[in-house]
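A short reminder: the numbers here are calculations on the coordinates, not readings from a lab. If you're wondering where the values come from, they're calculated on a predicted model, not measured in any experiment. Ideal geometry is used to build each Cβ from the backbone, glycine not excepted, and the neighbour counts take in all protein chains shown.
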Amino acid sequence: MSTSKAPERGHRRPRNAAYLLALLTSALLVACGGGEAEDTPTSTPVAGTSTAAPATPTVAATADGDPALTQSCENAQVGFAVRYPDGWATADGDAAEACRYFAPGPLGMPPDGGGRAPIEFARGADGYTELVETMVDSQTLQVLSEEPTEVAGHEATRFEVETSKMSGSDDSPAAPSSLREYRYVIATGGGALMAVAYGLPDADYEQNRRVLDAMVQTLELRSPGDWNVSLTQVVDKERGLPAGYEPVDVVPIPAEYHAPGFPDQAVRAVALEPLIRMLAAARDAGFDIRVRSSYRSYQVQVWTFQYWIDQLGEAEARRVSAPPGHSEHQLGTTADLTTQEVGWELSERLGDTEAGAWLTENAPRFGFALSYAEGTESTTGYKYEPWHWRYIGPDHAIAWAASGLTLVEYLERLPTQGAAG
């Protein structure tokens, strides 16, 4: 993070007190987990199970004395990635927006919906200039320090402030009457990202300030529409994709590789060329393997999952289909493969054919891994699917094949989920 002074802000427009208070309240509610923003959960996670964060354990340091940030997190919807300390936890995109809350321990959901996490990242309710002006001009917020700076090449302002408890922000009995906060307000191309360390009771505020400074230095900002999740992203029944996630580079699969009666197949560009090479190699070996299902949007998965519930009942449907937001097909890197020998169906019989054996032996060298192998339902939660192949890249696919692990076991053992793919 550069410490050079950011460009001067434009002339401040005059505002009346009511407008300022409303704007400030809106900004605080987004930053602190309250309010009704469209991507804000109705309950706010905090460390542990109480409404107050536990004492902050000492964070490991680098040789230079800075906090050691060994884990990474990506929020494709808002458009940022950030690293955070070993031993800390963050929201995974299910109960709360991905990468929003960070705490030195498990994130819980308090029954009364109150509480805060020691560090939070959130999209601002208004643009960068408006948020900065509101904080500076407000009569209800005491600004202790203000410093223009830059973050990831974007204009930013670093504040330390003291706030009073406001209606709607946190009405739990344990909430303090005033709160010290260390904030970054960061311009993000017409919007703003807020990063906040809270002076919570029983937490090490000074350490959390240092952690936030270090995290902000690792911040990567992109437009939400320019973001793909990692090729090694874990997606299973518990860990889903960010709300509204759509890969940005989905391209059509040539019609010659479609199973009869199943047109309009598509995958991400990164997986297309390896998929075509694999299917062409299979044909050279005498096996006409084709794609019956590939990329599915969130909404298509809603319909797919509901279809199986209607056909089988919910308990059985969950063994053969993923809930919306938890399907590897939404990644755009997964293809369901079939052959004429099994009637172009998605059938366990594929695993007993020579074509199925060819896939098992050769798919990893093209970068594809079998997500739901035979005899692994107790681990994966899904029945055997010899047709379901996911692209993770040749290096990882070959290592996975040699590991003897299920795909999700292999992916969750990686040091991080990697950069966007």
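For the range 200-217, 3J(HN,Hα) computed residue by residue from phi via the Karplus equation (6.51, -1.76, 1.60; θ = phi - 60°) reads 6, x, 6, 10, 8, 4, 5, 5, 5, 4, 5, 4, 4, 4, 5, 4, 4, 5 Hz, glycine and proline entered as x. Roughly speaking, what is the centre-to-centre gap between the range 271-346 and the range 387-417 when only Cα atoms are used, to the nearest Å? Between the Cα centres of the range 271-346 and the range 387-417 lies a distance of 18 Å. Computed from phi, the 3J(HN,Hα) profile of the range 260-269 under the Karplus parametrisation 6.51, -1.76, 1.60 (θ = phi - 60°) reads x, x, 10, x, 6, 7, 7, 9, 5, 4 Hz, with x in place of Gly and Pro. Of the beta bridges in the range 250-412, as assigned by DSSP with both residues counted there, near 90 percent are antiparallel. Counting neighbouring Cβ atoms within 10 Å and putting the fewest first, the residues 258, 329 line up as 258, 329.
Roughly what would the spin-label model give for residue 276 and residue 255, points 7 Å off Cα along C-beta, in nm? Placing both labels 7 Å along Cα→Cβ, they lie 1.6 nm apart. Applying the Karplus relation 6.51 cos²θ - 1.76 cosθ + 1.60 with θ = phi - 60° to the range 367-382 yields 3J(HN,Hα) values of x, 9, 10, 7, 6, 10, 6, 5, x, 10, 4, 5, 9, 8, x, 10 Hz, where x marks Gly and Pro. Annotation: amide H of residue 84 within the under-5 Å range of 70, 71, 72, sequence separation 5 or more or interchain, hydrogens built in the peptide plane. Normalising the average separation of contacting C-alpha pairs (under 8 angstrom, six or more residues apart) by the number of residues puts the relative contact order of the range 250-412 at 20 percent. Residues whose amide H comes within less than 5 Å of that of residue 231, counting only those at least five positions distant or on another chain, are 421 (H built at 1.01 Å from N in the peptide plane).
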